[in-house]
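I have placed the structure first, in the form of structure tokens, so that the comments after it can refer back to it.
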2 protein chains.
Amino acid sequence: MSKTEKKDTKSLIMDLAENAIIEGGFNAFSFRELAAQIGIKSASVHYHFPTKGDLTVSVLRRYKDNFASELPCVETSHASANQLLNGFIDGFKTKIVDNHNMSICTMLTTDVRQLPDEVREELADFYRIKLNWLGSVFMLETGMDEKQAQIKACQMLASLHGASILVQATGDVEKYEDAVGYLRQ
Amino acid sequence: MSKTEKKDTKSLIMDLAENAIIEGGFNAFSFRELAAQIGIKSASVHYHFPTKGDLTVSVLRRYKDNFASELPCVETSHASANQLLNGFIDGFKTKIVDNHNMSICTMLTTDVRQLPDEVREELADFYRIKLNWLGSVFMLETGMDEKQAQIKACQMLASLHGASILVQATGDVEKYEDAVGYLRQ
DNA sequence: ATAGGTTTACCTATCAGTAGATAGATGAAA
DNA sequence: TTTCATCTATCTACTGATAGGTAAACCTAT
């Protein structure tokens, strides 16, 4: 038996929900659908996650924690600022754009009015983490002050998210590099 | 009787649908809801727009045509390239970000997998129009070639759309200028 | 000018499908 | 024996869509 043989149902539900949110946002999945994919009933999904909000929060929190843990530590990593930034740009492309997806953040942001409060807060926190990490990279080598670094972080994060929108709407993957290339080097 | 006194039902439906799409995307409105807001029955909305796809196409096409007609003509306008670009950036802020909204394009793009084909095509065309206009502005004074101008257009459009995402998710309107300020002057 | 037909813009009623959620029962494991 | 994970069954609410009816407005040929 390989160690990935048997995954517990709870994680399995989260895996499927995560995928569904990435593909269609908060309204694009249902308890019934998730249950059917696993081979259980929708009531059993409710056992693990009482409400849709609970499930979405769990998915988003897990995704965010995983994302944060994969980010190189700005202080201890021996990478240069440019290497870190290029890695961020490349990672966004590999994990999101190349899979014909948009980020889970973008997907949930357009649903923001329909989200339960807890999800909205989790989402805002995710952006905060990204902006802070980018900000700290921008301050790394240059003598940039914090305000200026936050501005650069906003600029970069907006470019990446916007670029993925352009790709998704036009179907032209090259537009990603067109839109974000200026950020490199 | 003022001349705006009586609007025909069809346009009224489109007005409400447009608003709903801007606020929540393709899944955020129903025939019943629109009908209730006007004071008619959902079947009557179906009379004007047989399917949800038809209604969405009509709304998007009207929005796009109106948008296109409001863009200054790059050749005949006496504005400089910088004036035109700043106007575009400001317009996006005034019409979209300041109203705590995202663009109708962004909203529909995240729903792209659920859209009927005709809507998807209309949407892609909208992006094409924006990119072409921006591209022609970038070619205006500089001797920039078409390829380079398209790249700049992608970069700029991505920044605007991405900036509005950042604003929507964090609730901080200032992030718009942070993210797009570098495009000015 | 008007009678007869047509079109417009709505209506009521209804359909099958899906949504999120809950109550209460069951069997297996700890 | 209690807890866990699942089930069946069901609820209310809502979805997009259709069939068929109606009253008024509009057209056209006599």
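A few points about this structure:
- Take each residue in B:145-156, count the other chain C-beta atoms within 10 Å of its C-beta, and the mean is 4.
- Using alpha carbons only, the radius of gyration of the range B:7-70 set against its Kirkwood radius gives Rg/Rh = 0.96.
- Square roots of 5 times each gyration tensor eigenvalue, C-alpha, the protein assembly as shown, largest first, Å: 33, 32, 17
- For the range A:125-185, GluC sites (Glu not before Pro) are listed when DSSP marks them as loop and at most 14 other Cβ atoms sit within 10 Å of their Cβ; the list is A:Glu141.
- Taking the longest Cα principal axis of chain A as reference, the axis of helix A:52-70 is set at about 40 degrees.
- With K and R counted +1 and D and E -1, the other residues having a Cβ less than 12 Å from that of B:Ile22 yield a net charge of -1.
- Probe 1.4 Å - accessible area at B:Arg62, Å² to nearest ten: 80 Å²
- Entries of A:Lys52/A:Lys95; A:Lys64/A:Lys130; B:Lys64/B:Lys93; A:Lys52/B:Lys95 with Cα pairs more than 21 Å apart: A:Lys52/A:Lys95; A:Lys52/B:Lys95
- Charge dipole (debye, nearest 20) of the range A:31-185; +1 at Cβ of Lys and Arg, -1 at Cβ of Asp and Glu: 360 debye
- Take the Kirkwood radius over Cα pairs of the range B:73-185, plug it into Stokes-Einstein at 4 °C and 1.567 mPa s, and you get 87 µm²/s for translational diffusion.
- With kT/(6 pi eta Rh) evaluated at 10 °C and eta = 1.306 mPa s, and Rh the Kirkwood radius from Cα pairs, the range B:1-154 diffuses with a coefficient of 92 µm²/s according to Stokes-Einstein.
- For the range B:1-94, accessible area per residue (1.4 Å probe, heavy atoms of protein chains only), Å²: 57 Å²
The values are calculated or read from the model by the stated rules, or taken from the named source; none is laboratory data. In this text the structure is predicted, and so the values were computed from the model without any measurement. Glycine also receives a Cβ, built like all others from the backbone with ideal geometry; neighbour counts cover every protein chain displayed. With ligands, DNA and RNA removed, areas are computed over all heavy atoms of the protein, side chains included. Shrake-Rupley method; radii C 1.70, N 1.55, O 1.52, S 1.80 Å.
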